[in-house]
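The structure appears below as structure tokens.
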Amino acid sequence: MNLRVDLILPTEQRSASVVSLKSLIRIAIIVVPIIILLAIAMGVLYMLSYRNDFKDMEEQWKDAQPKQEAAGRLRQELIANEDLAVKVAGWATSRLLWHEQLRGIQKAVQPEFKIQLLRLALSSSQFMVDNRIPARGGGLVVQGLALGENAEANVRNLQQAFLTSPALTGCVTQVEVKRFEASTVEKATKYDRFFQIDLNYAPRKFQ
Amino acid sequence: MKLPEGKKERTQVFVAIGLGAAAVLYCVYLGVGWIVSKKKDLQAKTGELRDKVNKANMEIDMMSKDRKGNVEALRKIVSLSNQYMLKPRLGQNYILAAKDQIEGWADKADLMTTEAALQIQERGIGDIAQAPGVKTVPPVKTYTAYVSFSAGYNHAIRFIKAIEASNPLLAIQNVTVQSRPPPQVESHAVGVDIQWPIWSDPDTPSRLEAQLAAGEGTEK
């Protein structure tokens with residue numbers, strides 16, 4: 001018969017385990033603050049780094065901003081001056097060389113048409129194309145007498161000559177006989193006719 | 001340090017430790033949250049500034065090209081202005097300057113004769129067509145002079161050709177060639193409106209020249 005006598009007081013009893021609660025608490029008391037301190041230090045370092053980046057960028061912006069404003073002013077000046085150059089040079093592109101047109105009219109009046117020109121009136125004006133671009137346009141009114149029995153055919157021939165004249169082609173958009181009536185000129189024969197042909201010119205833009 | 005022996009006291013100590021640890025963790029959580037939000041805020045601000053700096057740098061890089069373009073545009077305007085735009089004489093008088101030019105062309109076309117009876121009249125200053133709603137004063141206006149004379153058709157064409165060849169900016173606005181009854185059938189009544197571009201502000205040429213000088217100085 002074995003007899004087991006427990007002589008250790010309950011307060012003197014110790015756990016047989018290697019990891020005791022007490023040692024865990026001791027470790028935690030040291031490790032947890034270290035981790036927290038490390039985390040705070042890293043956070044502060046990151047913050048300092050981001051703040052430095054921001055400060056650096058702020059410095060760059062302080063340096064670039066006045067230069068950017070100067071670049072903006074220069075760009076505005078460039079746009080205004082280029083626009084002005086186009087407007088002034090537009091005078092050359094928008095005009096039509098009327099001496100060529102008048103020469104073209106002269107050449108189109110063939111002697112066999114028996115046409116006597118009485119009046120030529122060209123008028124050009126300025127207007128806006130698409131409400132945006134100023135342009136010049138105009139028209140030429142040719143009035144004259146067609147003499148003899150073939151007056152009507154001759155006026156048609158003249159109209160056709162205007163349409164096919166090398167000087168006028170490309171500039172003239174429409175050639176229309178506006179008037180064709182008996183001549184009231186003194187000494188006119190019963191076959192003589194007064195006529196008016198209107199030539200419309202394509203608009204030429206100031207650009 | 002020893003833990004109390006009583007179970008109740010031990011529990012109280014553990015609860016106190018637990019509460020302390022929870023408080024510390026909560027503080028850490030708040031601190032981390034603050035750092036994260038601050039970081040996001042700083043990153044956003046830095047990113048915004050970086051974009052602005054990049055855009056500014058791109059615009060600054062364009063400056064030398066813009067400067068060159070500006071000087072080119074100014075050279076073109078100043079050249080056209082000096083060569084071809086009508087400049088007023090004293091007291092904003094344009095007709096004297098126009099008259100000198102017209103008489104030169106008339107001379108070339110043999111129209112400075114008594115028979116030609118050349119006459120020059122001032123039509124005045126007008127505006128170029130402008131887009132509706134535009135309220136700014138256009139920089140360029142028109143000045144028109146009317147010339148009348150008696151001549152044959154070929155003389156009239158020579159006169160108009162002389163005008164058009166002398167100045168690419170000049171525009172013939174209106175022309176009438178009216179035949180006359182016998183015996184003057186060879187001499188027509190001719191009327192021509194000649195239009196020049198002029199500066200709306202007479203100080204524009206000097207301002208442009210100053211701008212050009214400044215631009216050329218910077219270019220060097």
Checklist entry - If the viscosity is 0.692 mPa s and the temperature 37 °C, what Stokes-Einstein diffusion coefficient in µm²/s follows for chain A when Rh is the Kirkwood radius over Cα pairs? => result 123
Item to check | Heavy-atom accessible area order for A:PHE195, A:PHE54, largest first, 1.4 Å probe | outcome: A:PHE54, A:PHE195
Checklist outcome for this item: Length-normalised contact order of chain B, Cα under 8 Å, at least 6 apart, in percent, tallies to 19
Checklist entry - What is the average number of partner chain Cβ atoms found within 10 Å of a Cβ in B:151-157? => result 3
Checklist entry - With the radius of gyration and the Kirkwood radius both derived from the Cα set of the protein assembly as shown, what is their ratio Rg to Rh? => result 1.53
Next on the checklist: Under a Cβ-only charge scheme (Lys and Arg +1, Asp and Glu -1), can you give me the dipole magnitude of chain B about the Cα centre, in debye to the nearest 20?
Outcome noted: 1860
Checklist entry - By how many degrees, between 0 and 90 and to the nearest 10, does the Cα long axis of helix B:95-108 differ from the longest principal axis of chain B? => result 50
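Order B:LYS8, A:LYS55 by their accessible area, 1.4 angstrom probe, all chains in place, largest first.
Working: B:LYS8 145, A:LYS55 110 Å².
So the residues, ranked largest to smallest area, are B:LYS8, A:LYS55.
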Checklist entry - Compactness ratio of the stretch A:27-122: Cα Rg over 2.2 N^0.38 Å, N = residue count? => result 3.18
Checklist entry - Where the accessible area of the stretch B:1-85 is counted over protein heavy atoms with a 1.4 Å probe, how much of it, in %, is carbon and sulfur? => result 60
Item to check | Inter-probe distance in nm under a simple model that places probes 7 Å from Cα toward Cβ, at B:ILE60 and A:THR93 | outcome: 3.6
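Scan chain A and note any complete DSSP helix (H) whose C-alpha atoms cover at least 27 Å along its axis and whose Kyte-Doolittle average is 0.0 or more.
Once both thresholds are applied, what remains is A:21-94.
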Item to check | Candidate residues A:ARG4, A:ARG103, B:ARG89, A:ARG132: accessible-area rank, largest first, probe 1.4 Å | outcome: A:ARG4, A:ARG132, B:ARG89, A:ARG103
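For chain A, calculate the relative contact order in percent as a whole number, restricting contacts to Cα pairs under 8 Å that are 6 or more residues apart.
That works out to 20 percent.
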Checklist entry - In debye to the nearest 20, how big a dipole does the protein assembly as shown give about its Cα centre with +1 on each Lys and Arg Cβ and -1 on each Asp and Glu Cβ? => result 1820
Checklist entry - How much accessible surface area, in Å² rounded to 10, belongs to the heavy atoms of B:THR11 with a 1.4 Å probe? => result 70
Checklist outcome for this item: The extension gain from A:THR11 to A:VAL141, computed as 0.36 nm times the residue separation minus the Cα-Cα distance, is 33.7 nm
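So for the stretch B:1-126, what percent of the C-alpha to C-alpha distances run longer than 17 Å?
81
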Checklist entry - Tell me which aspartates and glutamates have Cα within less than 15 Å of B:LYS40's Cα, excluding those fewer than 8 residues away on the same chain? => result A:ASP53, B:GLU48
Next on the checklist: Using a Gaussian network model on chain B with a 10 Å cutoff between Cα atoms, which of B:ALA117, B:ALA131, B:ALA165 fluctuates the most?
Outcome noted: B:ALA131
Checklist entry - Comparing A:ALA92, A:ALA71, A:ALA41, which has the greatest mean-square fluctuation in the GNM of chain A with Cα pairs linked when under 10 Å apart? => result A:ALA41
Checklist outcome for this item: Computed over chain B: longest principal axis from alpha-carbon atoms vs helix B:204-219 long axis, angle to nearest 10 degrees, is 50
Next on the checklist: Using only Cα atoms and rounding to the nearest 10 degrees, what angle (0 to 90) does helix B:153-166 make with the longest principal axis of chain B?
Outcome noted: 30
Item to check | Cβ neighbours within 10 Å from other chains - mean over A:116-129 | outcome: 5
Next on the checklist: Can you give me the long-range amide H partners of A:ARG179? Hydrogens built in the peptide plane at 1.01 Å from N, cutoff under 5 Å, separation of 5 or more residues or another chain.
Outcome noted: A:GLN196
Next on the checklist: Using a Gaussian network model on chain B with a 10 Å cutoff between Cα atoms, which of B:LYS39, B:LYS141, B:LYS99 fluctuates the most?
Outcome noted: B:LYS39
Item to check | B:HIS155 accessible area, 1.4 Å probe, all protein chains in place, Å² to nearest 10 | outcome: 60
Next on the checklist: Under 5 Å between amide hydrogens, which residues at least 5 positions from B:GLY152 or on another chain qualify, with H placed 1.01 Å from N in the peptide plane?
Outcome noted: B:HIS188
Checklist outcome for this item: In terms of the charge dipole of the stretch B:1-85, which places +1 on Lys and Arg and -1 on Asp and Glu at the beta carbon, the residue among B:MET58, B:PHE14, B:GLY33 farthest towards the positive end is B:PHE14
Checklist entry - Using a 1.4 Å probe, how large is the accessible area of A:THR184, given in Å² and rounded to the nearest 10? => result 130
Checklist entry - Between B:ILE120 and B:ARG207, what FRET efficiency comes out of the Förster formula 1/(1 + (r/R0)^6) with R0 = 51 Å and r the beta carbon distance, rounded to 0.05? => result 0.95
Next on the checklist: With only alpha-carbon atoms in the gyration tensor, what are the semi-axes of the equivalent ellipsoid for chain B, in Å, largest first?
Outcome noted: 89, 18, 13
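For chain A, give the magnitude of the charge dipole about the Cα centre (Cβ charges: +1 Lys/Arg, -1 Asp/Glu; no others), in debye to the nearest 20.
I would put it at about 80 debye.
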Checklist outcome for this item: With a 30 Å threshold on alpha-carbon distance, the violating pairs from B:LYS135/B:LYS161; A:LYS114/B:LYS161; B:LYS87/B:LYS161; A:LYS107/B:LYS76; A:LYS114/B:LYS99; B:LYS55/B:LYS141 are B:LYS135/B:LYS161; A:LYS107/B:LYS76; A:LYS114/B:LYS99; B:LYS55/B:LYS141
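The values are calculated or read from the model by the stated rules, or taken from the named source; none is laboratory data. Owing to the predicted nature of the structure, the values given are computational and were not obtained by experimental measurement. Cβ sites come from the backbone with ideal geometry, for glycine too, and all protein chains shown count toward neighbours. These area figures cover heavy atoms from the full protein model, side chains too; ligands, DNA and RNA do not enter into them. Shrake-Rupley method; radii C 1.70, N 1.55, O 1.52, S 1.80 Å.
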